[in-house]
Amino acid sequence: MNDPTRRNRLEEEESPYLRQHADNPVNWQPWDEQALEAAKERDVPIFLSIGYSACHWCHVMEAESFEDESVAEVLNENFVPIKVDREERPDVDSIYMTVCQLVTGRGGWPLSAWLTPEGKPFFVGTYFPREGQQGQPGFLDLCERIADSWDSEDDREEMEHRAQQWTDAATDQLEETPDAAGAGTEAGSSPEPPSSDVLETAADATLRSADRQHGGFGSGQKFPQPSRLRVLARAYDRTGREEYLEVLEEALDAMSVGGLYDHVGGGFHRYCVDRDWTVPHFEKMLYDNAEIPRAFLAGYQLTGEDRYAEIVADTLTFVTRELTHDEGGFFSTLDAQSESPETGEREEGAFYVWTPAEVHEILENETDAALFCARYDITESGNFEGRNQPNRVARVSELAGQFDLEEHEILKRLESARQQLFEAREERPRPDRDEKVLAGWNGLLISTFAEAALVLGEDEYAETAVDALEFVRDRLWDEDEQRLSRRYKGGDVKVDGYLEDYAFLARGAFDCYQATGDVDHLAFALELARVIEAEFWDAERGTLYFTPESGESLVTRPQELGDQSTPSATGVALETLLALDEFADSEGSKIPREDGEAVDEDFEGIAATVLETHSNTIEANALEHATLCLAADRLESGALEVTIAAEELPDAWRDGFASRYYPDRLFARRPPTKDGLEAWLETLGLEDEPPIWAGREARNGEPTLYVCRDQTCSPPTHEVADALEWLGDSGENTEGESDAPF
């Protein structure tokens with residue numbers, strides 16, 4: 001057989017998810033030109049299956065259908081089967097998942113879609129069992145019926161008509177902007193960005209969705225929703241409304257004491273399958289362990305509760321230990337499944353769950369074992385298939401009375417027990433690790449490590465952030481072409497970067513600059529921001545697209561406005577552009593284009609225009625556009641500019657500003673002297689000092705602090721207390737050591 005699409009080509013791929021299917025009898029193809037052309041040449045539909053390595057039902061469908069010879073025969077003969085790792089190709093996933101949600105009202109993975117040879121979908125679904133059950137069609141029968149219909153002239157005409165309708169609907173949903181869709185403002189009126197009021201609108205909607213009994217949001221499965229938590233924190237800061245803080249704390253406490261959190265090894269699982277946060281879906285995703293700790297940092301800044309800082313520290317320890325490349329970058333996921341020591345089969349949660357007998361055997365000391373079981377609800381009946389995912393259910397004060405021990409002794413024994421159980425757990429068969437290094441996801445965690453360095457005062461966090469940034473920059477950034485790739489694995493680089501890659505990594509680079517004062521990180525952030533303008537900004541439509549202008553052409557070009565499992569790429573891009581606008585030349589820097597023309601750099605103008613374009617969408621559903629609401633608030637309120645003219649950031653200054661909750665705080669670090677700043681301007685390619693640095697040298701040879709808000713600045717000072725008093729915030733952030741709520 002000379003046709004390479006008549007064999008399974010996934011063994012040539014680096015994606016662990018794709019390689020999992022390399023031994024299937026299905027002739028799987030990666031999403032590439034060769035596979036797409038084969039469908040046109042053979043005039044057969046494409047069967048598209050989208051998933052990811054830690055997806056439980058993806059594994060189930062593989063075992064039931066894709067490993068089955070009779071299913072493979074039907075797929076190979078009548079379709080071009082294509083496998084896509086959604087983590088590598090979020091653009092492909094976005095398009096066909098949108099169609100699935102529009103047509104069926106729901107979505108999820110594995111995503112199953114049947115496409116015309118041109119890539120237009122005419123049938124979609126998620127998981128299908130091999131044989132029909134409970135009103136759900138069987139996969140084999142479905143494939144046979146679709147193949148027969150494709151061979152029927154009348155049926156095929158109807159299928160192609162449906163495919164065009166669905167593609168048009170996806171285009172309306174993903175690509176069109178209000179003006180382009182004919183829904184612009186009335187003649188003579190001028191659209192405006194949403195005001196800061198939209199932040200409170202989003203916060204009020206978050207309150208309405210809150211589960212005040214169990215914490216978190218909704219009445220079913222519980223997802224972390226870190227973007228909503230950011231909205232609550234900022235809305236509380238803006239308004240002082242206590243209910244915002246109460247719901248934020250309830251959510252943080254529920255996530256940290258329930259089964260979402262790994263009480264033995266640290267880190268967060270994906271979500272909980274129940275309302276009361278008891279049993280998680282056990283996969284651990286890099287983005288969750290980036291964004292959730294950021295919410296806990298905000299909780300710590302607002303309340304001073306040490307327990308929130310401890311969760312951040314333990315989660316970052318987990319990431320460093322289990323999701324970090326030896327040379328600095330961060331891996332993507334840990335699988336939910338691992339081999340069960342009892343059965344030898346791969347089972348969900350096997351690595352994490354316990355029985356009382358196991359705890360007693362490992363700890364040996366009966367009091368310690370009884371304490372741990374009481375604290376973490378390890379029972380004979382179990383909470384997960386006869387075993388137990390630890391949930392922290394008993395207060396230390398309760399245990400002190402029950403066991404007649406002092407509270408400090410209880411805590412000492414519990415920590416010793418946790419450490420022993422952790423060491424024993426390390427001997428268990430481990431979950432598989434997806435070792436893709438994704439630019440965007442790394443950017444999220446780089447930001448968290450950098451922010452934690454400032455808030456918690458731990459220099460090693462900044463070092464970890466910089467190591468990861470340099471890893472990604474060295475391997476995925478093409479300095480000559482000024483372009484970013486998305487994925488690195490084992491020396492292989494693949495996929496043009498998407499908006500989320502540029503935006504998340506630009507934010508991470510900028511946060512590294514704030515944490516370290518290294519101008520190279522600021523320069524890299526600005527380089528990434530300029531590519532956002534060049535490749536993703538559409539001035540005519542007034543929006544940012546998810547895919548680059550020079551990238552692959554798909555059936556539609558998506559935008560990403562709403563928050564999903566990761567924050568909105570557009571929202572993060574706007575927040576980052578607004579921050580970086582402070583460092584643009586006051587006269588407008590010139591950006592060379594490929595055609596030789598130069599245009600002014602106006603990051604704030606781009607942000608304002610995008611918010612104007614989507615103003616009605618944001619205001620109509622603020623809850624689903626939380627990050628865009630944060631960007632709208634940032635546009636109107638501006639930054640709290642903290643210009644630091646010093647070689648190093650004094651600890652007292654860091655403590656004064658970073659330990660308090662200033663959501664719009666911007667550390668504009670600079671050399672103390674004018675000569676030193678000249679070297680920085682050369683590095684940045686700027687002719688003039690940006691206003692945030694201009695005239696703000698160190699005074700009297702000492703580190704000098706300049707604080708500005710609302711275009712009004714404090715006098716230069718050497719004392720952080722003076723700056724805080726000028727801001728009207730001279731009170732200390734009282735750090736708590738309470739055990740509340742557990």
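Under 25 Å from the Cα of residue 284, which lysines turn up, not counting those fewer than eight places away in the same chain?
Residue 284 reaches 83, 222, 436, 489, 494.
Quick one: net charge of residue 485's neighbours, Cβ under 9 Å, K/R +1, D/E -1? Numbers along the way, then the final one.
Numbers: positive: 475, 483, 486, 487, 494; negative: 478, 496, 501.
Charge balance near residue 485 sits at +2.
Taking the Cα centre of segment 1-123 as origin, work out the dipole magnitude from +1 charges on Lys and Arg Cβ and -1 charges on Asp and Glu Cβ, in debye rounded to 20.
Magnitude of the dipole: close to 420 debye.
Take the Cβ-Cβ distance between residue 416 and residue 721 as r, set R0 to 51 Å, and report the resulting FRET efficiency rounded to the nearest 0.05.
The formula returns an efficiency of 0.80 here.
When each pair of different Cα atoms in segment 331-404 is counted once in the 1/r mean, what is the Kirkwood radius in angstroms, to one decimal?
Working: mean 1/r = 0.0738 Å⁻¹.
About 13.6 Å for segment 331-404.
Solvent-accessible area of residue 408, probe 1.4 Å, all protein chains present, reported in Å² to the nearest ten, please.
Accessible area of residue 408: about 130 Å².
Given R₀ = 25 Å, what would the calculated FRET efficiency be for residue 694 paired with residue 602, taking r from the Cβ atoms and rounding to 0.05?
Result of the calculation: an efficiency of 0.85.
If N is the number of residues in segment 34-130, what value comes out of its Cα radius of gyration divided by 2.2 N^0.38 Å?
Compared with the compact-globule rule of thumb, segment 34-130 sits at 1.02.
Taking K and R as +1 and D and E as -1, what net charge do the other residues with C-beta under 15 Å from the C-beta of residue 624 add up to?
Details: positive: 208, 228, 230; negative: 204, 560, 563, 619.
Combined, the nearby Lys, Arg, Asp and Glu give -1.
Which of the aspartates and glutamates could a cross-linker bridge to residue 120, judged by Cα under 12 Å and excluding same-chain residues fewer than eight apart?
160, 168
Per residue and in Å³, how big is the convex hull formed by the alpha-carbon atoms of segment 458-527? Display every interim value, and only then the final one.
Numbers: hull volume 5.9 nm³, N = 70.
Dividing the Cα hull volume of segment 458-527 by its residue count gives 85 Å³.
Go through the cysteines of the chain and tell me which have no other cysteine Cβ under 4.7 Å away.
So far as the 4.7 Å Cβ criterion goes, 100, 143, 272, 373, 512, 629 stand without a partner in the chain.
Using a 1.4 Å probe, what is the accessible area per residue for the chain, in Å²? Spell out each step's value before the answer.
Details: 29320 Å² over 742 residues.
Heavy-atom accessible area per residue stands at 40 Å².
First select every other residue whose beta carbon is under 11 angstrom from the beta carbon of residue 505; then total the charges, Lys and Arg +1, Asp and Glu -1.
Here the charged neighbours net out to -1.
Please state, to two decimals, what the Cα-based radius of gyration of segment 381-511 comes to when divided by 2.2 N^0.38 Å (N = residues).
Dividing the Cα Rg of segment 381-511 by 2.2 N^0.38 Å gives 1.53.
What percentages, rounded to whole numbers, describe P(r) for the chain computed over all alpha carbon pairs with 20 Å bin width beginning at zero?
16, 48, 31, 5, 0
Run through segment 6-89 and list the trypsin sites (Lys or Arg not before Pro) located in a DSSP loop whose Cβ has at most 14 other Cβ atoms within 10 Å.
7
Heavy atoms of the protein only, probe of 1.4 Å, neighbouring chains included. What is the accessible area of residue 98 in Å², nearest 10?
20 Å²
Report in % the part of the accessible area of the chain that belongs to carbon and sulfur, leaving out ligands and nucleic acids; probe 1.4 Å.
Looking at the chain in its full context, I get 41 percent from C and S.
The values are calculated or read from the model by the stated rules, or taken from the named source; none is laboratory data. Source: prediction; values computed, not measured. Don't worry about glycine lacking a Cβ; one is built from the backbone with ideal geometry, like all the others, and counts go over all protein chains shown. The protein model used for the area step is the full one, side chains on, heavy atoms only, and it has no ligands, DNA or RNA in it. Shrake-Rupley method; radii C 1.70, N 1.55, O 1.52, S 1.80 Å.
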